[in-house]
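Notes for the one structure printed next.
The values are calculated or read from the model by the stated rules, or taken from the named source; none is laboratory data. Given the structure is predicted, the values throughout are model-derived calculations rather than measurements. Backbone-built Cβ (ideal geometry, glycine too); neighbour counts: all protein chains shown. SASA here: full protein model, heavy atoms, side chains in, ligands and nucleic acids out. Shrake-Rupley method; radii C 1.70, N 1.55, O 1.52, S 1.80 Å.
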Amino acid sequence: MKKIVYVITLGTWGGAQAHVYDLIKHENGIGNEVWLVTGRSGRLTQQVSNNFPEVTVVHIPSLHREISPISDIQTVAKLRKLFRHISPDIVHVHSAKGSVCLL
């Protein structure tokens, strides 16, 4: 079993969110431990919570598209702390801010 973390800025719905949903559906279905990290909740987070209760959904409000040095530093710190806690095998990011934490 692998631990997989998906990071996406918006938990609403669009092409990227539909893609992440399909990935979560597949990975959860084959028994991997899946985490979803978003900045804002919406249809994606609701569908994941409703359809895959074993998937952990984490909201980090400071994770958003707009550039904000203070929020960005907070986001990086929170994501790094979360990654240390989870020790994921795979981190799949759909956000430039999420990828900074992997450096």
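Key figures for this structure:
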| quantity | calculated |
| --- | --- |
| Among residues of the stretch 1-59, those that are loosely packed, with under 15 Cβ neighbours inside 10 Å and over 24 Å from Thr75 (Cβ atoms), counted | 11 |
| The stretch 10-33: number of residues that are outside any helix (DSSP H, G or I), more than 11 Å from Val48 (Cα to Cα) and of a type outside the set (Ser, Thr, Tyr) | 7 |
| Filter pass, Gly31 being on the phi > 0 side of the Ramachandran plot and out of contact with any Leu (no Cβ under 8 Å at 6 or more places or on another chain) | yes |
| Tally of residues being farther than 12 Å from Tyr6 by Cβ and assigned to a strand (DSSP E or B) across the stretch 34-91 | 3 |
| Inter-residue pairs, beta-carbon under 6 Å, first in contact (Cβ under 8 Å) with a residue 24 or more places away in the chain and over 17 Å from Ser41 (Cβ atoms) and in the stretch 2-20, second open to solvent by 30 Å² or more (accessible area, probe 1.4 Å) and in a helix (DSSP H, G or I), 6+ apart | Ile4/Glu27 |
| Matching residues, the stretch 11-32, being within 21 Å of Ile86 (Cα to Cα) and within 13 Å of the chain's Cα centre (by Cα) | Gly11, Val20, Tyr21, Leu23, Ile24 |
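Residues are listed down the side, and each one gets a yes or a no for (1) modelled with pLDDT of 95 or more; (2) in contact with a Phe, Trp or Tyr (Cβ under 7 Å, 6 or more places away or on another chain); (3) not charged (D, E, K, R):
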residue: Gly29; (1), (2), (3): yes, no, yes
residue: Glu33; (1), (2), (3): yes, no, no
residue: Gln47; (1), (2), (3): yes, yes, yes
residue: Asn51; (1), (2), (3): yes, no, yes
residue: Val57; (1), (2), (3): yes, no, yes
residue: Ile73; (1), (2), (3): no, no, yes
residue: Lys78; (1), (2), (3): no, no, no
residue: Val100; (1), (2), (3): no, no, yes
